[in-house]
1. Determine, yes or no, whether residue A:181 is closer than 22 Å to residue A:61 by Cα and either of a type outside the set (Lys, Arg) or within 11 Å of another protein chain (Cβ to nearest Cβ) (or both).
2. Identify the residue in the stretch A:116-136 that is modelled with pLDDT under 95 and either within 23 Å of the chain's Cα centre (by Cα) or not in a helix (DSSP H, G or I) (or both) and, among all such residues, is surrounded by the fewest Cβ atoms within 10 Å (Cβ to Cβ).
3. Say whether the condition of being in contact (Cβ under 8 Å) with a residue 12 or more places away in the chain and more than 10 Å from chain B (Cβ to nearest Cβ) is met by at least one residue in the stretch A:107-123.
4. Please state which one of A:174, A:143, A:117 is aliphatic (A, V, I, L, M) and under 30 Å from residue A:35 (Cα atoms).
5. Does the stretch A:103-110 contain at least one residue that is assigned by TED's automatic domain parsing to the domain that holds residue A:44 and either at pLDDT below 95 or in a loop (DSSP other than H, G, I, E, B) (or both)?
6. Go through the stretch B:146-155 and report how many residues are surrounded by fewer than 18 Cβ atoms within 10 Å (Cβ to Cβ) and either in contact (Cβ under 8 Å) with a residue 60 or more places away in the chain or β-branched (Val, Ile, Thr) (or both).
7. Looking at residue A:211, is it assigned by TED's automatic domain parsing to the domain that holds residue A:18, polar (S, T, N, Q) and in contact (Cβ under 8 Å) with a residue 40 or more places away in the chain?
8. Go through the residues of the stretch B:164-182 one by one and say whether even a single one is charged (D, E, K, R) and within 12 Å of another protein chain (Cβ to nearest Cβ).
Amino acid sequence: MLLEVKNVSRAFGGLRAVDDVSFSVPKNSIKAIIGPNGAGKTTLFNLISGSLRPDSGRVFFNGRQIQGRPPHTIAARGVSRTFQNIKLFHNMTVLENVMVGRHTRSRSGFMAGIFNLPSCWREEREIENRSRGILDMLGVSGLAGMNAGNIAFGSQRIVEFARALALEPELLLLDEPAAGLNMHETAEIAEIIRKIREMGVTILIIEHDMSLIMDISDDIVVLSSGKMIAEGRPSDIQKNPEVIRIYLGEEDAQDQEP
Amino acid sequence: MDAGRYIPVLILAAAVAAVQLFTLATGSEYYLTQLTMSAYYALVIIGLCTLMGYAGQISLGHAGFFAIGGYTVSVMTTYDFSGFSGSAVMGLLGTLGLASASGGELHLSPWVSLAAALVITVAVAFIIGIPILKLKGHYLAMASLGFGLIIYRIVLGTRIFGEADGISDVPGFAIAGGLRVSGSPELRIQNYYIAWTLVIIGTVMLINLVKSRAGRALRSIHGSEEAAMAMGVNASRYKLYVFVISAVFASLAGAFMAHLNGGIGPSEADVMKSVKYVAIVAAGGMANLWGALTMGVLLNYISLRGYLGSYDDAFFGAILIAIMLFAPEGLINPAVMKTAAVRARSLIDSIKKKTGRGGHAS
């Protein structure tokens, strides 16, 4: 198992945002987390990526405990992510954004930078080449010199993917990558996700677009009010009466029963 | 590496030499005094610019670091250490040539006091930086302001710091080969060059930093701290390092200025000075080292020449308001310059048209 989440809980005041959630993600799979708004999906992501500390429970990545560690050390171990409300660095170009993604894969420090040591030059070239390669692979190399805040919304999503991939993650957390995109752009994102998986990257994805989820994921976890209510293959989840109930409401669910 | 980044440095060096030659030719060398002081203040400005403009962390306490540098060297170079002449440390410093006796008094070399000033600055910057850099925005501004106030009251209220009178009779700083940081008029030209050499070295270092991997990480923290951390940037450590670096720049400026002026007074630690530094960085365009440097020299020069009289502080307050209202990106900013140029051209065109029509009528 690449990622194991064991009995993880987190409360905000009296609200149990994530309540005793356990699941695991095998290497080279795509696992989806679905659930209504406020189900605790993003909180769960933040607990895995280190932005938040769990109140209890454990998270294992490659067999090592990572819960409660700061986000930058978890990133350095190979966990990368995108954000629901895209968080690009608007004060930098598209290329520079992706180059920040190479941070954990390079090492020149403050002093090397201040004195512009030759070791930096080689590394900078390498960082830039790799970053351009990723932009190229995702078909957005034409945007490299643009300010990241000035490009189209759909392109911003793709650039955020590029930045996350520059880290060479083993596990990629995608928080609603299709939110705000039209059908054409969503299809493009689905294509990119497949491409990423072919590269051997394991993916954990939060998404509301059901056709996208059913299309790409191997396995689905369903959260509702912080609790895990179902886990299984897409075809099983589609038939699960509890899932249908929370998604369609009580009466509709009854109507659907044969 | 791209050598292009150093072209403006060469232009700056040429301009520095040109200004000196111009004052020589016109016999107006007294201007160099204020230009030398402006250079030291510019050193504070470029350090603060890196902290504020690039890493996105405000400090309203940098006059405090300037004062730490200036007061440390002032106290240590004027204090009579003859009471410690028997101690092992003084003996060692004496054999190293870093302490000398004259007229029955034992004085430390300015090198020792400069080293002490920088060590103290780094230590204080770490001690203050670790807790306050956890804060963001207004809260960080207020906490750094608190630090500035503490330093101000300490130097104003402590005997050894000369209270309201400050410290005077600080000796010159003999650097090497006859170069001496001192305010005596016959050393005016070399002091001008010493100060500007420091500014040029500092600028090159900060340009290198900003364009490096570490600089990119700093700018990413400015863009989105959460995303920066998710990409593996140790945000708290990077913020702390850049805070310490900017503090060292301020402290170094304070130390050299104390030797240049032969002393330091509490007004250098005044919070209003910190506000002034922030206003100048804002006027220069925040994430723009060259803009900050240009504004740092220009505005400090105007202020030091006394053109603003007793309205000096009011002028810098007005600058802050005007910049925030009309040019939050700063004045020296390629995009702003461009739009300003376009606007100016269309204004000239419309005036031409109007006057042209007026001509027909008459």
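The values are calculated or read from the model by the stated rules, or taken from the named source; none is laboratory data. Everything quoted here is computed from the prediction, not taken from an experiment. Here the Cβ is made from the backbone with ideal geometry for all residues, glycine too, and neighbour counts use every protein chain on show.
1. Working: closer than 22 Å to residue A:61 by Cα: no; either of a type outside the set (Lys, Arg) or within 11 Å of another protein chain (Cβ to nearest Cβ) (or both): yes.
So residue A:181 fails the test.
2. Only one residue tops the list, namely A:117.
3. no
4. Residue meeting the stated conditions: A:174.
5. No, the stretch A:103-110 contains no residue that is assigned by TED's automatic domain parsing to the domain that holds residue A:44 and either at pLDDT below 95 or in a loop (DSSP other than H, G, I, E, B) (or both).
6. Adding up the residues that qualify gives 4.
7. Details: assigned by TED's automatic domain parsing to the domain that holds residue A:18: yes; polar (S, T, N, Q): yes; in contact (Cβ under 8 Å) with a residue 40 or more places away in the chain: no.
Against the criterion (assigned by TED's automatic domain parsing to the domain that holds residue A:18, polar (S, T, N, Q) and in contact (Cβ under 8 Å) with a residue 40 or more places away in the chain), residue A:211 does not qualify.
8. No, the stretch B:164-182 contains no residue that is charged (D, E, K, R) and within 12 Å of another protein chain (Cβ to nearest Cβ).
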